[in-house]
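The values are calculated or read from the model by the stated rules, or taken from the named source; none is laboratory data. This is a predicted model, so every value here is computed, not measured. Neighbour counts run over all protein chains shown; Cβ positions are idealised from the backbone, glycine included. Side chains are part of the model used for accessible areas, which takes the heavy atoms of the whole protein and leaves out ligands, DNA and RNA. Shrake-Rupley method; radii C 1.70, N 1.55, O 1.52, S 1.80 Å.
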Amino acid sequence: MIIHHPILGPRDAQEFVYLGDASLIDRPDGMTAGVEAFHDYLYQRTNPAGEHQELWYHEQGDRSWLVVTRNTVTHEITKVELARDVARARGRTK
Amino acid sequence: MTQSHRIDGGLIDRTKTLRFTFDGIPYQGHPGDTLASALLANGVRLMGRSFKYHRPRGPISAGSEEPNALVELRTGARQEPNTRATVAELFDGLEANSQNRWPSLRFDAMGINDKLSAFFAAGFYYKTFMWPKSFWEKLYEPIIRRAAGLGSVTREEDPDAYDKGFLHCDLLVIGAGPAGLMAALTAGRAGKRVILADEDFRMGGRLNAETLAVGDASGADWAAAVLAELAAMPNLRLMTRTTVIGAFDHGIYGAVERVSDHLPTPAKGKPRQILWRIYAGKAILSGGATERPIAFENNDRPGIMLAGALRAYANRWGVKVGERVAVFTNNDDGIRTALDLRAKGVDVVAVIDSRPVGDLLPGIRHLHGAEVIDTSGKLGLKTITVRQSNGATETIAVDALGVSGGWNPNVNIHSHHRSRPVYDAGIAAFVPGPEGPPGLLVAGAAAGQMSTHAALKTGRDAAIAALDLGTAPDLPQAEDAPVRISPLWFVHHGKGRAWIDQQNDVTVKDVKLAKQENFTSVEHLKRYTTLGMATDQGKTGNVIGLAIMAELTGRSIPETGTTIYRPPYTPVAMGALAGRSRGKEFKPFRLTPSHHWAKEQGAIFVEVGNWLRTQWVPKQGETEWRQSVDREVLATRKSVGICDVTTLGKIDVQGTDAGAFLDRVYANTFSTLPVGKCRYGLMLREDGIVFDDGTTARMGEHEYVMTTTTANAVTVFRHLEFCRQCLWPEMDVQLISTTEAWAQFSVAGPNARKLLEKVVDQDISDAAFPYMGAGNITVCGGLRARLFRISFSGELAYEIAVPTRYGDALLREMLARGAEFDPVVYGTESLGVMRVEKGHVAGGELNGQSTALNMGLGKMVSKKKDSIGMVLSQREGLTDENGYRLVGVKPVDPNGKLTAGSHFLEKGAAPVAANDGGWLTSKVYSPHLGHDIALGYLKGGDKKIGQRMRAVNLLAGLDTEVEIISPHMFDPEGVRLRG
Amino acid sequence: MASLQPLTALGKREATAVTHGPLTITERTDVALASVAARKGRMADLSAAAQKAGVPLPGPATHQAGIPYSAFWVAPEMWFVEAPHATHELIADLLKSALGDAASITEQTDAWVAFDLAATDLAPLLERLCNVDFPAVPNGYATRTVMEHLGVYLVKHGPGAARLYGPRSSAESLLHALETAAHSAF
């Protein structure tokens, strides 16, 4: 696969490490959320046959974490964003 | 032996003669020959025995679709089985052998299988060898493997090398026939970067095998002229002997280039093959079409071939396969074979044309509405039996028969993303479906465009469309004959076997049996009969098989559908997939700064990840590893020892939020750590399990140096980047690995300080540099260095680091200047002994299943702050009062043996899972204590200190009475390390 | 530091040079290297300080040459800065005083082995080693890539000139890979 890195352009997926669902960005605050919330955060996933937002790490590149929107059926990639931008947009300021 | 069947013409170099052997018999051929064409030129039709029935077989094709003529090439270490003689390029000295026969090809004892064919019908494995189950592995399988099968592999290591490589282009053209050449020419003249790849050693595709003209030249000459033009273009890369094996995601194609297969041995340093990963903006599949046979009784005798192959051998290679030839066809292309052969002076005795009516060929016996119903000839074709339209049968003596059942477009690569080919009744074949791999266009015969003109035109148009070109070359004149075919899949006659898939010995009967047992879907048909599951993936047989199933079930062919193809297009050598990654080159080595010194000393190395670490350093006279390790440990504890610990991961963590960041990634607190101090840190995964540990030092207000375990250096860094970018993007933190930038040595033992004082420029007395101190220093008169007063061994110990290039010199300097202390250099074994004596956790305990609580470090998890894993480490299942706890273990009898992996059992308890109390994680021999010691996880272990249990290992035959003790087995008060 | 004799990444006293056909591989031991990463929200300060100090901070995937400082981009708001080792062995300290607290600076000199590759055309060599489209990228292109399992930085200085930074501990493996590919390609 080819991932169109927002900064570096098309790069072979071989350079990346895959982590999983981009919902891993939405980590609860450990001082306020309890075990249940963390359980859901860590273990509850949708497993869509279709569009999926997922985290890829450009380990053999610029070390950016990316949020890749990929169709799990066709492998078509429709969007690639820097994860830190996504995290900020989701309100992760703490 | 002379080349009895060589005729005029062809694209071979008759000025040179190549000598080769087949089954030990010498023959001659010419450059431009394949092994098959050369053998046929010498009148050899019999080239192999079939997979299951051991039927005598010869080639049926002149290309990579060949199911039958599989041979072993070369001998010794380079012996390669299952090579298709039809594509094996002849070279001088080639040694080829037939396979799957014993004792000889002409007399094969296993030919008995043919007589027993009733027992070997489809599904025979499942039915015959089901029972008794235990017989399968010991009896049935070995026998079947010997009787059925193909070639044999050499037991020697492959002496050749294989490369991998990466190519980029605007357009990849797959196949260099008329469509591919025209596409490449169009794109090449427009200045685009083009790769033109063809599996053949001579580009031109069918143009080389036909007498058809293109423009005012022969097809072969036109192809040669275009290739000359393409070769002169800097933006064009011509890749002969290169098979595109698959279409992968987003324009990535795999291709195998056979660099040296046509040479006796590869030139020095050159690879045998290269596996290319091609990044193509767009691609055009112009891989042509493959002719398919018609199934009739005994249609597998040597001498029975695809009609187009007979024609190719005559036109391209100057070979007549037989003296008296007949053609059996259901379409006009078969007629072309008859005409070409006659033009070459071959005696064409009959054209058996299944179509009921049509023009009669002048001067050739042309039978309409006729079918071949049987053949004879044990080791090669002797006669065919023809049933004429009036029902009369006639036996005709021939030694070659060309069969044409129509042409299947080579849709394979187009279906690699699961695109289903669709049936085109006009050409009675499947053509590429509408949704192939994005960016892949299809042209020429591969797209069902069967005439030369259509190939040239669609090739050009595909290039224009793919690259959005404005201009394009004019098309040369070429034939544009329509496809005239009246489908005939199999001849309805008799009870004998009519082959569909010759490589897997699948017959019409097998399809009937599949239908009878209700395996009527194409996917079931394939798996039940093994149709199309051989190495040729059924290139010649699949469509016939499914068409027969359609006919038997009364469904149309589109209703019946077709299976699809997977990569690779043709078989790929394992070596090509491995590339250079084998043996010592399997992965790169990482060498420590002390490697060269250690090598001089005859040190023993151990692989730790990619690192080669010193395991121990034997001294003269030491014959057992334990002698060396015991000496290293005792010497360290007595005076001083030095160990290269460079392999531990080192990460610079800087920024105004560095301390706060570490508080979140470590279970314990780092923001409160004073500058100039270090602290042991425990890192959890979010699920509450311990991820890693190490010592992290605060070198400045906003500057920390983190240490990770050797094994987790990469994954910890990845995790920290995840935390920094995805979880807390607002934090001011910067990360960089410095693992390799610093050579770091542990200096441990009562004399550690005294030794270091010989090299360190500053005061490092206990007052100036207390326990857990850290700082920048200089050594040997000004070289920048770092010093950390930390201990893994339990001794007074430091870790000292200098820029890596000075690591070797620092070690030698410490040994020289500190000689009065008899310093010893110790390896990973001694490191392990001393850390177990101290109860420090490492690999066996950091097993990805254990919590801080398990390790006795539960108090380290601060609940006053949020950190990764803090919340879930409090889960009920992880906080069991009687859960596993780290304990120390010693045998009650000092001579008792322990081993890691042993399980704790109460005295008298049976060694069953229900009684399992935990297990030993690490075991060493403590020379200090004089007996084995171990660490282990024991259920409720913290409450069992002082108790006696058993450590049982049934595999090792050990059942040892042990005493559970504190894991801190040596100097538990830590007097020594604070010394 | 007179008493300590450095070793090269290949374990020798002197830098190694290897020639095969048109290709020369030269180990460079005379390059000091440091990472410079902008502190959060301090890019403008860093740019200003860097400009004043003559430290180039080129854009993504780019190398910019200068005297004494050259630099190439390695990650968002992060660069590797090169300088002559003879004069700038203490490159991290020098950069810290030049750039102040606008950047996190870390010495990287001995984390890497540097090889200069020289030939008329390096494409046949590099296409056997990495997925970089070497003929197509411009001079001054800098990227991280993988060669025989090793993460390396590749800087293109011309069709026949490139600098390679590979992990120092694997210097021998990297050189072996380069030589093997050279024998295959040339």
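The strands (runs of 3 or more DSSP E) found wholly in the stretch B:421-467 and carrying at least 1 residues that are surrounded by 24 or more Cβ atoms within 10 Å (Cβ to Cβ) occupy B:429-431, B:440-442.
Can you confirm whether B:PHE661 is assigned to a helix (DSSP H, G or I) and within 14 Å of chain C (Cβ to nearest Cβ)? Criteria met by B:PHE661. Among the residues of the stretch C:124-148, those that are over 21 Å from C:SER173 (Cα atoms) and not in a loop (DSSP other than H, G, I, E, B) comprise C:TYR141, C:ALA142. Selection of the stretch B:690-722 for residues being farther than 18 Å from B:THR646 by Cα, within 12 Å of another protein chain (Cβ to nearest Cβ) and within 34 Å of the chain's Cα centre (by Cα) yields B:ARG718, B:HIS719, B:LEU720, B:GLU721, B:PHE722.
Checking every residue in the stretch C:78-96 against the condition of being in contact with an Asp or Glu (Cβ under 9 Å, 6 or more places away or on another chain), open to solvent by less than 20 Å² (accessible area, probe 1.4 Å), in a strand (DSSP E or B) and under 25 Å from B:ASP657 (Cβ atoms) gives at least one match. For the stretch B:883-936, filtering for residues that are on the phi > 0 side of the Ramachandran plot, assigned to a loop (DSSP other than H, G, I, E, B) and in contact (Cβ under 8 Å) with a residue 24 or more places away in the chain leaves 2. Checking the structure you have, find out if any residue of the stretch A:35-50 is open to solvent by less than 30 Å² (accessible area, probe 1.4 Å), facing chain B (nearest Cβ under 8 Å), among the aromatic types (Phe, Trp, Tyr) and assigned to a strand (DSSP E or B). The answer is no, given that none of the residues of the stretch A:35-50 is open to solvent by less than 30 Å² (accessible area, probe 1.4 Å), facing chain B (nearest Cβ under 8 Å), among the aromatic types (Phe, Trp, Tyr) and assigned to a strand (DSSP E or B).
Of the set (1) crowded, with 16+ Cβ neighbours inside 10 Å; (2) within 14 Å of chain C (Cβ to nearest Cβ), all apply to B:VAL617 but (2).
Residues of the stretch B:494-526 that are in contact with a Phe, Trp or Tyr (Cβ under 7 Å, 6 or more places away or on another chain) and either farther than 30 Å from B:GLN388 by Cβ or in a loop (DSSP other than H, G, I, E, B) (or both): B:GLN503, B:ASN504, B:ASP505, B:ALA514, B:PHE519, B:LEU525.
Quick one: in the stretch B:353-379, of everything that is β-branched (Val, Ile, Thr) and under 51 Å from the mean Cα position of the chain (by Cα), which residue is surrounded by the most Cβ atoms within 10 Å (Cβ to Cβ)? Looking at residues that are β-branched (Val, Ile, Thr) and under 51 Å from the mean Cα position of the chain (by Cα), I get B:VAL372. The residue of the stretch B:799-813 that is nearest to the other protein chains (Cβ to nearest Cβ), among those that are buried (at least 24 other Cβ atoms within 10 Å of the Cβ) and part of a strand (DSSP E or B), is B:VAL802. Could we say that B:GLY402 is small (Gly, Ala, Ser) and surrounded by 24 or more Cβ atoms within 10 Å (Cβ to Cβ) here? It is true that B:GLY402 is small (Gly, Ala, Ser) and surrounded by 24 or more Cβ atoms within 10 Å (Cβ to Cβ).
For the condition within 11 Å of chain B (Cβ to nearest Cβ), of a type outside the set (Phe, Trp, Tyr), in a strand (DSSP E or B) and open to solvent by 40 Å² or more (accessible area, probe 1.4 Å), A:LEU19 qualifies.
Checking B:LEU172, B:LEU230, B:LEU150 one by one, the residue that is crowded, with 18+ Cβ neighbours inside 10 Å and at pLDDT below 95 is B:LEU150 and no other.
If you check A:GLU54, A:GLU59 for being open to solvent by 20 Å² or more (accessible area, probe 1.4 Å) and of a type in the set (Asp, Glu), only one passes: A:GLU59.
Flag not set for C:ALA65, criterion: crowded, with 16+ Cβ neighbours inside 10 Å and in contact with a strand residue (DSSP E or B) (Cβ under 9 Å, 6 or more places away or on another chain).
B:THR211 satisfies every condition listed in (1) β-branched (Val, Ile, Thr); (2) in contact with a Pro (Cβ under 7 Å, 6 or more places away or on another chain); (3) surrounded by fewer than 23 Cβ atoms within 10 Å (Cβ to Cβ) except (2). Evaluate the stretch B:867-882: report whether one residue or more is within 22 Å of B:THR708 (Cβ to Cβ), part of a loop (DSSP other than H, G, I, E, B), within 14 Å of chain A (Cβ to nearest Cβ) and out of contact with any Gly (no Cβ under 8 Å at 6 or more places or on another chain). Yes, because at least one residue in the stretch B:867-882 is within 22 Å of B:THR708 (Cβ to Cβ), part of a loop (DSSP other than H, G, I, E, B), within 14 Å of chain A (Cβ to nearest Cβ) and out of contact with any Gly (no Cβ under 8 Å at 6 or more places or on another chain). Taking the stretch B:244-276 as the range and being in a strand (DSSP E or B) and within 13 Å of chain C (Cβ to nearest Cβ) as the test, the residues that pass are B:ILE252, B:ALA255, B:GLU257, B:GLN273, B:ILE274, B:LEU275, B:TRP276.
Taking each residue of the stretch B:178-189 that is under 19 Å from B:ARG206 (Cβ atoms) and looking for partners that are modelled with pLDDT under 95 with beta-carbon atoms closer than 8 Å, six or more apart or interchain, yields B:MET182/B:PRO473; B:LEU185/B:PRO473. Across the stretch C:108-123, which residue is nearest to the other protein chains (Cβ to nearest Cβ) among those that are open to solvent by less than 20 Å² (accessible area, probe 1.4 Å) and assigned to a strand (DSSP E or B)? If we take residues in the stretch C:108-123 being open to solvent by less than 20 Å² (accessible area, probe 1.4 Å) and assigned to a strand (DSSP E or B), then C:VAL113 is nearest to the other protein chains (Cβ to nearest Cβ). Of the residues making up the stretch B:192-208, those that are touching a Pro at 6+ places or on another chain (Cβ under 9 Å) and either at pLDDT below 95 or outside any helix (DSSP H, G or I) (or both) are B:ARG193, B:GLY204. Scanning the stretch C:130-142 for residues that are open to solvent by 10 Å² or more (accessible area, probe 1.4 Å) and within 14 Å of another protein chain (Cβ to nearest Cβ) gives C:ASN131, C:VAL132, C:ASP133, C:PRO135, C:ALA136, C:VAL137, C:PRO138, C:TYR141.
All conditions in (1) among the hydrophobic types (A, V, I, L, M, F, W, C); (2) open to solvent by 20 Å² or more (accessible area, probe 1.4 Å); (3) touching a helix residue (DSSP H, G or I) at 6+ places or on another chain (Cβ under 9 Å); (4) within 13 Å of chain C (Cβ to nearest Cβ) hold for B:ALA816, with the sole exception of (3).
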